[in-house]
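The values are calculated or read from the model by the stated rules, or taken from the named source; none is laboratory data. This one's a predicted model, so the numbers in the text were calculated from it and none came from an experiment. Cβ placement follows ideal geometry from the backbone for every residue including glycine, while neighbour counts extend to all protein chains displayed. Quick note on the areas: whole protein, heavy atoms, side chains included, nothing else; ligands and nucleic acids left out. Shrake-Rupley method; radii C 1.70, N 1.55, O 1.52, S 1.80 Å.
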Amino acid sequence: SRTDQKLAATVTANITVKNVGQVDKDVRKVIDAMTLPEGVTISAGGVFEDMKDSFSKMYIAILVAIVLSYIVLVFTFRSFKKSLIIMASLPLAAVGALVGLWITGHSLGVVGLMGILMLVGIVITNAVVLLAYTEQLEKEGKTTHEAILKSAETRLRPILMTALTTLIAMVPMALGLGEGLIVVAELAIVVIGGLFSSTMLTLIVVPVIYSLVYDKPPKRVK
């Protein structure tokens, strides 16, 4: 056959494992080890090509989601610094998502990236709830340190309850219980891991960063 007016031969195969990315790597190792005659080239197509295209689009979607979320936070809090502090919860979610994939033996695919895209909107909610109440307490006259402690104490229960209900709802999907659910198990694992780590770490890291930025030490009287 001919492709783009050049002689071509097509080699096809059915992938029978869930880790398509690893199959791609194995195939490329075999191709790289081959000594090709002059003028002969090998290119991947099918699901491998679709994966590359989907990965690129998902990376762009995640970047756009982060930028839009930051813009909304800036308009809401009217502060670039506070918005950046809230966005610090996103890397905390990525840690849990990657650890979850590693523990379960999954690789980060397109479905996993969809889970990360979901996390962008989910995880910053906890930080927003925490810092919004902190800001309210500061306006009522409390010091930054007092406001952080009171806010963490008051918002702890609703933050944990919201996270826990979401995690429980994702468990059947992560276990692949039910026909067709095994395909989206990777998404559920990413959301569970990311939400768990971000919830636990946000309650510690975000208040600490906020305190370092806004809690001014009292001036010494000479």
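So which of Thr134, Thr143 is hydroxyl-bearing (Ser, Thr, Tyr) and either without any contact (Cβ under 8 Å) to a residue 12 or more places away in the chain or surrounded by 18 or more Cβ atoms within 10 Å (Cβ to Cβ) (or both)?
None of the other options fit; the residue is Thr134.
Looking at the structure I just gave you, is Ser107 at pLDDT below 85, under 20 Å from Leu164 (Cα atoms) and in contact with a helix residue (DSSP H, G or I) (Cβ under 6 Å, 6 or more places away or on another chain)?
no
For segment 77-105, name all the residues that are closer than 17 Å to Tyr214 by Cβ and either open to solvent by 50 Å² or more (accessible area, probe 1.4 Å) or among the β-branched types (Val, Ile, Thr) (or both).
Matches in segment 77-105: Arg78, Phe80, Lys81, Leu84, Ile85, Ile86.
Looking at this structure, is Asp32 out of contact with any Asp or Glu (no Cβ under 7 Å at 6 or more places or on another chain), surrounded by 10 or more Cβ atoms within 10 Å (Cβ to Cβ) and either at pLDDT 80 or above or not in a loop (DSSP other than H, G, I, E, B) (or both)?
no
A quick yes/no check of all residues on (1) part of a helix (DSSP H, G or I); (2) more than 30 Å from Met173 (Cβ to Cβ):
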site: Ile85; (1), (2): yes, yes
site: Leu90; (1), (2): yes, no
site: Ala93; (1), (2): yes, no
site: Ile116; (1), (2): yes, no
site: Thr125; (1), (2): yes, no
site: Leu130; (1), (2): yes, no
site: Gly141; (1), (2): no, yes
site: His145; (1), (2): yes, yes
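Go through (1) closer than 20 Å to Ser198 by Cα; (2) over 12 Å from the mean Cα position of the chain (by Cα) for Val74 and report which single condition fails.
Every condition holds for Val74 apart from (1).
Check Leu73 against each of (1) buried (at least 16 other Cβ atoms within 10 Å of the Cβ); (2) touching a Gly at 6+ places or on another chain (Cβ under 7 Å) and name the one condition it does not meet.
Unmet for Leu73, out of (1) buried (at least 16 other Cβ atoms within 10 Å of the Cβ); (2) touching a Gly at 6+ places or on another chain (Cβ under 7 Å): (2).
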